[in-house]
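Enquirer: I have a structure here, written as structure tokens, and I will follow up with some questions on it.
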Amino acid sequence: MVSIAHIGYGYWGRNVARNFAELGCLGAVIDADPAAAEAAAKALGVPAGKNFEQVLADPAIDGVSIASPAVMHAGHIKAALEAGKHVFVEKPLALDLGAAEKLCILAESRKLRLMVGHLLQYHPAFVRLRELAEAGTFGRVLHVHSNRLSLGKIRTEENVLWSFAPHDVSMILALFGAEPVEVSAHGSAFMTPGVADTASVGLRFADGGSARIDASWLNPFKEHRLTLVGEKAFAVFEDSEPDWDAKLKLYHHRLDRTGAVPTAVKADAEQIAVARLEPLKEECRHFVECIDRGLTPRTDGREGLRVLKVLDRAERSLAQNLAGQAAGPARKEARA
């Protein structure tokens, strides 16, 4: 049985640790607060009292799961890989593109699994959407529009781009199967100077396809919706939809170009059945399976690096376009 040590028992880290424990793979829990680590170990039924160095030296530990503050990710990953451990890390992979590239190279040279926590890639509805796209259901993907909107939690150290958009970028790159040739971003900083509360990111691909991400923590209601426009059909993945059976809908709309003026021929929505599985558990299960079977993770280090490249380009564009406001990069403490 694969044994995983988890680092960081905070707001999100406790969920990751719980899932590895439920999979029967949790070997240890580490936190900067010894009392929190002790309580976590007791609650999850794993040994207490180990620190990071002890875990890395323990031959019984196959991999580490990292949910520490983002500024610590690169250091924790490097140490774990150098100790021969496989690594699962919550996004972002690192805060610096150069560091992220070196981590990918290190993992590849050691033949170790490096996986990034882009959670929605493991949501059963998105998994099904991607399967439909790869099967040719939509024909060529023309446009993807993703909304990630809510009211709060308002942050003062990271902007909404780094807080909300990584998952959307990851999904969009997966659907297009390519990196964008053009990235632009606009936004506004209403609450904290230089820290965008709203942002819109535009992506353009070499085949003419495009994508748009709208992110805001100043929206009166929660909306997590991804819309795909294809040549043959359309689809909507709405994670904020409370009815599980309605999270993924397929629309067999078509565009009629036979006349002098193109027209849209509408069709009723078709609800697509998807398995009722917890995305985080599926993500954790995937990491364990990749270790056990020597597979490349769906969201491996290279995928995480591609997402970081898009975010870096978007942030530089956003900084230039924050008209009349101080627009420095603000991405510390990025969390899933």
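Here, each number is a calculation from the coordinates, and none is a lab measurement. Note that the structure is predicted; figures quoted are calculated from it, not measured. With ideal geometry, Cβ positions are generated from the backbone for all residues, glycine too; neighbour counts draw on all protein chains shown.
Enquirer: Indicate the gyration tensor shape class of the chain (rounded, prolate or oblate), computed on the Cα atoms with a ≥ b ≥ c the square roots of the eigenvalues: a/c under 1.5 is rounded; otherwise a/b larger than b/c is prolate and the rest oblate.
Expert: The shape class here is prolate.
Enquirer: Could you pull out every one of the aspartates and glutamates with an alpha carbon less than 16 Å from that of Lys222, ignoring same-chain neighbours closer than 8 positions?
Expert: Asp168, Asp197, Asp214, Glu238, Asp239, Glu241, Asp243
Enquirer: Let me ask something additional. So if R0 is 51 Å, what FRET efficiency would Asn51 and Met191 give, r being the distance between their Cβ atoms, rounded to the nearest 0.05?
Expert: So the FRET efficiency works out to roughly 0.85.
Enquirer: For Lys232, enumerate residues with amide H under 5 Å from its amide H, sequence gap 5+ or separate chain, H modeled in the peptide plane.
Expert: Amide H neighbours of Lys232, under 5 Å, 5+ apart: Gly139, Arg140.
Enquirer: Another question about this same structure. If I fit a long axis through the Cα atoms of helix 279-293 and take the longest principal axis of the Cα atoms of the chain, what angle between them do I get, 0 to 90°, rounded to 10?
Expert: Taking Cα atoms only, the helix is inclined about 60 degrees.
Enquirer: May I ask for the distance between the Cα centers of the stretch 179-205 and the stretch 77-122, given as a whole number of Å?
Expert: The two parts, judged by their Cα centres, are 26 Å apart.
Enquirer: Also, quick follow-up: Nearest 10 degrees is fine. How inclined is helix 34-44 to the longest principal axis of the chain, computing both from alpha carbons?
Expert: 80
Enquirer: Along Cα→Cβ, 7 Å out, is where each label goes; now give me the distance between the ones at Ser240 and Lys102 in nm to one decimal.
Expert: 4.0
Enquirer: Now a separate question. Using the alpha-carbon atoms, what tilt in degrees (0 to 90, nearest 10) does helix 70-82 show relative to the longest principal axis of the chain?
Expert: 60
Enquirer: Defining a contact as two alpha carbons under 8 Å apart and six or more residues distant in sequence, what relative contact order in percent does the stretch 195-336 show?
Expert: After rounding, I find 14 percent.
Enquirer: Let a ≥ b ≥ c be the square roots of the eigenvalues of the Cα gyration tensor of the stretch 1-72; is it rounded (a/c under 1.5), or, if not, prolate (a/b larger than b/c) or oblate?
Expert: rounded
Enquirer: Right, next: Can you run phi through the Karplus equation (6.51, -1.76, 1.60; θ = phi - 60°) for the stretch 102-109 and list ³J(HN,Hα) in whole Hz, with x for Gly and Pro?
Expert: Computed from phi, the couplings for the stretch 102-109 are 5, 5, 4, 5, 4, 4, 5, 5 Hz.
Enquirer: What residues qualify as long-range amide H neighbours of Tyr9, i.e. H under 5 Å apart, gap of 5 or more or another chain, H built at 1.01 Å from N?
Expert: Excluding prolines and chain starts, which carry no amide H, the hits are Ala32.
Enquirer: Can you pull the one-decimal nm distance between simple spin-label points at Glu223 and Leu255, each 7 Å off the Cα toward Cβ?
Expert: Distance between label points: 2.2 nm.
Enquirer: Classify the stretch 131-172: rounded, prolate or oblate, from the alpha-carbon gyration tensor (a ≥ b ≥ c, eigenvalue square roots; a/c under 1.5 rounded; otherwise prolate if a/b is larger than b/c)?
Expert: prolate
Enquirer: Past 30 Å, Cα to Cα, is the threshold; run Lys111/Lys281; Lys78/Lys249; Lys50/Lys281; Lys42/Lys91 against it and keep the listed order.
Expert: Lys78/Lys249, as the Cα separations exceed 30 Å there.
Enquirer: How long is the gain from Glu134 to Thr296 if the chain were fully straight, where each residue apart is worth 0.36 nm and the alpha carbon distance is subtracted?
Expert: Taking Glu134 through Thr296 to full extension adds about 56.4 nm, to one decimal.
Enquirer: Here is a follow-up. Could you please report the charge total around Gly139, scoring K, R as +1 and D, E as -1 over all other residues with beta-carbon less than 14 angstrom from its beta-carbon?
Expert: Around Gly139, the charge tally is +1.
Enquirer: Report, largest value first, the span of the C-alpha coordinates of the stretch 73-153 along each principal axis, in whole Å.
Expert: Over the stretch 73-153, Cα extents along the principal axes are 44, 36, 23 Å.
Enquirer: From the helices alone, meaning DSSP H stretches of at least four residues, give me the mean residue ellipticity at 222 nm for the chain, per-run term -39500 (n - 2.57), in deg cm²/dmol to the nearest 500.
Expert: Mean residue ellipticity at 222 nm (helix-derived): -10500 deg cm²/dmol.
Enquirer: Next question, about the same structure. Taking the C-alpha atoms of the stretch 15-164, how large are the radius of gyration and the largest Cα-Cα span, Dmax, in Å?
Expert: Calculated on Cα positions, Rg and Dmax stand at 18.2, 55 Å.
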